[in-house]
Amino acid sequence: MLNCARCSALVEGQAVQTPMGWMHPQCAGAPVGAVALPRVDDNLSEGWKIALYAAALIPWGSWFVVLGSSVLYYAWRKETPNKAAQINKHGWLAWLLGMAVWGAIWFLMKS
């Protein structure tokens, strides 16, 4: 639940996001029934992170990870910018990890 940034009362039902924070429509000066912004979870779940790093350890999986995370970044960037940035960052880090692991395996097999 949210507390109104102006009156500190519990906001139930509709809430309007303002530069000061979430408010009742009445406190924000918006008419009752105004379109309220939905409350969206803007954090990447641990399941996504585990899937990215696990897929990077599959042969050629790093390339699928970076391609998939880039597609998800562009799909999520307007609605959930923080989640989009996180999947992009972890996608590239998983790609780097996969390249290091498979590069080391290749190097050891050649020697």
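The values are calculated or read from the model by the stated rules, or taken from the named source; none is laboratory data. The structure displayed is predicted, hence computed values, not measured ones. Because the Cβ atoms are built from the backbone with ideal geometry, glycine has one as well, and the counts that use them run over all protein chains shown.
Restrict the check to the stretch 78-87 and report whether at least one residue is over 30 Å from HIS24 (Cβ atoms) and in contact (Cβ under 8 Å) with a residue 24 or more places away in the chain.
Within the stretch 78-87, one or more residues are over 30 Å from HIS24 (Cβ atoms) and in contact (Cβ under 8 Å) with a residue 24 or more places away in the chain.
Would you tally the residues in the stretch 61-84 being of a type in the set (D, E, K, R), surrounded by 13 or more Cβ atoms within 10 Å (Cβ to Cβ) and not in a helix (DSSP H, G or I)?
Number of matching residues: 1.
Which numbered condition in (1) out of contact with any helix residue (DSSP H, G or I) (no Cβ under 6 Å at 6 or more places or on another chain); (2) more than 13 Å from LEU44 (Cα to Cα) is the only one that THR80 fails?
(2)
From the list ILE50, ILE87, ILE58, pick out the single residue that is aliphatic (A, V, I, L, M), at pLDDT 90 or above, under 30 Å from ILE105 (Cβ atoms) and assigned to a loop (DSSP other than H, G, I, E, B).
Every option except ILE58 fails the conditions.
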